[in-house]
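Shown next, in C-alpha cells, is the structure this report addresses.
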Amino acid sequence: MKVKVAKAHIKISSIQTNVRLYYTQKRRNLKEKIILGGEIIGVITGFIAGIFAAIFCLFFNSFLYKLHKDKAVVYEAPFLEEFIKTYTAVLFRGNILFSHFGFGVIEGIFDFLKDEKGKMNRTAAYFAVLSHMLFGMIVYYAVKSGYPVFAGFLISSFLHLLWNIFIYRMKKDNKNKSPG
C-alpha cells in the first residue's frame with residue numbers, strides 16, 4: 001500500500017514539475033518574442049510606446065520642473081523617464097529597445113526645435129537619441145540575460161542619473177566661462 005502511495009506521489013510531483021517547466025518556458029518565450037523580439041509588431045508597438053512615454057514625460061517633467069527647478073531635471077526625471085519608457089513597452093507588449101528609441105527621437109526633435117540664443121541645438125538632439133538608445137540597450141540586455149525588467153530599469157535609471165549630472169555640470173561650467 002505504501003509503495004503505491006509513494007509511486008502516486010512521485011507521479012504527481014513529476015507532473016507538477018513538468019507543468020512548472022512548461023509555464024516557465026512559455027513565459028520566457030513570450031518575453032523573448034514580444035518584449036525583446038524583433039518581430040515587426042513588437043518594434044512598432046515599442047516605438048509607439050516610446051512616443052506615448054515621451055509625451056507623458058514632457059508634461060510631467062514640466063510639472064516637476066515648476067516644483068523643483070533643475071533638481072527635477074537632474075535627479076527626478078531619470079527615474080520617471082526610465083520607468084515610463086520601460087513599463088509602457090511592457091504594457092503595450094512592445095520591444096523595450098524601440099520604446100527607448102521612440103522616446104529618444106521625440107526628445108531629440110524637441111531639443112532640435114528648441115532655440116537657444118538663435119542657434120539650433122543639434123548636439124543635444126543627437127545625444128538625446130543616442131543616450132536613450134543606450135539606456136534601452138541596458139534594459140534590453142538585462143532582460144535578455146534573464147534578469148527581471150525591474151533590474152534593467154534600475155541600472156538604466158542610475159546611469160541616466162549619472163548622465164544628467166554630467167550634462168548639468170558641463171552646462172553649468174560653460175555658462176560660467178561664457179562672457180556676459
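Each value in this text was obtained by applying a stated rule to the coordinates, not by laboratory testing. Values in this document were obtained by computation on a predicted structure and should not be read as measured data. Because the Cβ atoms are built from the backbone with ideal geometry, glycine has one as well, and the counts that use them run over all protein chains shown.
Numerical summary
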item: Cα Rg, Dmax, the stretch 36-177, angstrom units; result: 15.0, 49
item: Trypsin sites (Lys or Arg not before Pro) lying in DSSP loop within the stretch 69-141, provided at most 10 other Cβ fall within 10 Å; result: Lys69, Lys117
item: Lys pairs, the stretch 36-177 - Cα-Cα below 19 angstrom, 8 or more residues apart or on other chains; result: 20
item: Linear extension gain, Lys69 paired with Glu39, 0.36 nm per residue minus alpha-carbon span; result: 6.7 nm
